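Below is one structure, written out as structure tokens; the observations come after it.
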Amino acid sequence: MERSIVGFLALRELVETRPPVRAQTLDILLQLCTHPDIKLRVMAISTVKRWVPGSPMSAEVIGYGLQVLKRLTNAGESKAPAEGEEDVKMGEPVEEKKADTISRFLGDITPETVRQHVELIFALSRRQQDLLEHIFQAYIGMQPDIQDALESLLTPLIQSLGPTRELLDQLARFPPGAEKLALKVLYILSGAGSSPVLVNVVKTLMAERDLNPKFVIPIIGQLDKVNPIYAGRRQC
């Protein structure tokens, strides 16, 4: 383990202080972010996430995380990016890579390999929460068993974020087809108690969309606390 730590420190220094070898060294680190050995994967992710946001490496790290996530959609089939998808960070384009060249550590897409695909983008989302939108969008294109695997890994990320403005905004406008993921997020957030803001988000969703009544269950004890805006909509 000590040798691994020294190795990652050396790679980090090369990326930060040696521009001529930055691209090659960064590619090594990014591929290690998908390594099947969880200890190596965690060390690699810890190394690269420090560059997001605000460093010359930020766009490349984010772009790589999104490309790995994209492999999970329709078994990695390529598709045209959604409008604005290329503007990940301050208008900097995400470099496209073929699915089979992203990482030598990534093979077949199965529920067991989902963790290798999502841990990097989850870690980056803690530092740049607008990336949560990409997770919701990618979820729509996943097969049901892959969706289930992603959901099972989601709890630590959502618990670490808590009901932030960015996460609540994403919950309030989740895309059609991501209802099950939104419900999972709602249950996680309500686990520590439903804040008034979370309650109002759910009430607004129920008023504006034809959603499963299950969305009410996490906040059912707070339904009598209707805000004026929601009350006005009910009276209309």
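The values are calculated or read from the model by the stated rules, or taken from the named source; none is laboratory data. The shown structure was predicted, so the numbers you read here are calculated from the model rather than taken from an experiment. Positions of Cβ are generated from backbone atoms using ideal geometry, with glycine treated the same way; all protein chains shown enter the neighbour counts. What goes into the accessible areas is simple: the full protein's heavy atoms, side chains included, and nothing from ligands, DNA or RNA. Shrake-Rupley method; radii C 1.70, N 1.55, O 1.52, S 1.80 Å.
Structural remarks
- Residues within segment 117-146 that are in a helix (DSSP H, G or I) and out of contact with any helix residue (DSSP H, G or I) (no Cβ under 7 Å at 6 or more places or on another chain), tallied: 3
- The condition of being open to solvent by 50 Å² or more (accessible area, probe 1.4 Å) and closer than 21 Å to R115 by Cβ does not hold for I5.
- When the residues of segment 204-225 are filtered to those that are open to solvent by 60 Å² or more (accessible area, probe 1.4 Å) and among the β-branched types (V, I, T), the one that is modelled with the highest pLDDT is I217.
- First in segment 18-41 and farther than 17 Å from Q116 by Cβ, second anywhere and hydrophobic (A, V, I, L, M, F, W, C), Cβ under 7 Å, 6 or more apart: V21/L14; R22/V15; T25/L11; T25/L14; T25/V15; L26/V15; L26/M57
- Filtered residues of segment 124-151 (kept if open to solvent by less than 10 Å² (accessible area, probe 1.4 Å), touching a residue at least 60 places away in the same chain (Cβ under 8 Å) and closer than 18 Å to K49 by Cα): L124, L131, I135
- The set of residues in segment 147-160 being in a helix (DSSP H, G or I), of a type in the set (A, V, I, L, M, F, W, C) and over 17 Å from S46 (Cα atoms) consists of A149, L150, I158.
- Of the residues making up segment 29-40, those that are open to solvent by less than 10 Å² (accessible area, probe 1.4 Å) and farther than 16 Å from E13 by Cβ are L30, C33, T34.
- Restricting L198, L154 to residues that are out of contact with any strand residue (DSSP E or B) (no Cβ under 9 Å at 6 or more places or on another chain), crowded, with 20+ Cβ neighbours inside 10 Å and not polar (S, T, N, Q) narrows the list to L198.
- Residue in segment 75-92 that is modelled with pLDDT of 55 or more and not hydroxyl-bearing (S, T, Y) present: yes
- In segment 57-66, the qualifying residues are those that are touching a helix residue (DSSP H, G or I) at 6+ places or on another chain (Cβ under 8 Å) and not hydrophobic (A, V, I, L, M, F, W, C), and the one that is surrounded by the fewest Cβ atoms within 10 Å (Cβ to Cβ) is S58.
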